[in-house]
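Q: Dropping the structure in here first, questions after.
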Amino acid sequence: MASPLPERRLARRRLILRQPLALTLMGIALCGCSFDLGSLMPEKEKPQEAPKAAATAESAVSAGNVTEAQAHTAKAQSLAKSGETAAALDEYNRAVGLDPYNAQALYGRALIYQGNNQHDFAIADFSAASGLNPQKAEPLLGRATSYLALGKVKEAAADLDEASEADPHNAQVWTARGQAYERLGDRAKAVASYNKAVALRPRDDAARSGLARVGG
């Protein structure tokens, strides 16, 4: 019968040979700094460079379109003065289609919408025109007029406050402001606004009537 000693020695030898590998793997598991898992991962794509600043809205419209839009705007203004509002609206639509940043066309189209009692459309165009010309009182006055027509008196008053700062010598702004604050029940602001309107334009019947109503 063969002695088991050689088999035992062989098993022990195998165990000794396996121990360094086992210890090595244990060391890898316990010490994160000894093994870079990132080296096994595919290299990440380099982040793309930030895009350059986009061109301004105005520069996005070709010079030819701007020129043509101005021609349509001028024609629309002439038609509107002649009372041909439907034809004027068509021209304003062409102008805005060519140049969406044409503040004159937006403002003119808003006035036509307002005259047709399409106040939501008017407010949208007045807002766009005001955004392009934030220091102008006219778009704010126009939008306030449509707000008043829709019963949005607080919004109208806010626009008229801003318009009165932008153009303190505009009697229409003060008259409309008086009407807004009269409807809000703020007698002091209504009186002050109507008085300012009458001082700037003594024959302003709307302001004089308002002043009489609020007992100024």
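Bear in mind these aren't lab numbers, they're just calculated from the coordinates by the rules spelled out. This one's a predicted model, so the numbers in the text were calculated from it and none came from an experiment. Cβ placement follows ideal geometry from the backbone for every residue including glycine, while neighbour counts extend to all protein chains displayed.
Q: Go ahead and run the numbers for FRET between Glu84 and Lys136, Cβ-Cβ distance against an R0 of 25 Å, rounding to 0.05.
A: Result of the calculation: an efficiency of 0.45.
Q: Roughly speaking, what is the stretch gain from Ala63 to Leu150, that is 0.36 nm per residue apart minus the C-alpha to C-alpha distance, in nm to one decimal?
A: 27.5 nm
Q: Which order do the peptides 187-193, 112-118, 95-101 take when ranked by the mean count of other beta-carbon atoms within 10 Å per residue, highest first?
A: Highest mean packing first, the order is 95-101, 187-193, 112-118.
Q: For a 29 Å ceiling on Cα separation, which of these pairs sit above it: Lys154/Lys196; Lys81/Lys154; Lys75/Lys152; Lys81/Lys189; Lys152/Lys189?
A: With Cα atoms farther than 29 Å apart: Lys81/Lys154; Lys75/Lys152; Lys81/Lys189.
Q: A follow-up question, please. What nm value, rounded to one decimal, do you get for the distance between Asp205 and Ala158 when each label is placed 7 Å out toward the C-beta?
A: 3.4
Q: If you take every residue apart from Ala105 with its C-beta less than 13 Å away from the C-beta of Ala105, what net charge results, scoring Lys and Arg +1 and Asp and Glu -1?
A: So the environment of Ala105 carries a net charge of -2.
Q: Further question on the same structure: Relative contact order, percent, of the stretch 67-162 when contacts are C-alpha pairs under 8 Å separated by at least 6 residues?
A: Across the stretch 67-162, relative contact order equals 19 percent.
Q: Extending each Cα 7 Å along its Cβ direction at Asn93 and Gln70, get the distance between those two points in nm, one decimal.
A: The two pseudo-label positions are separated by 2.5 nm.
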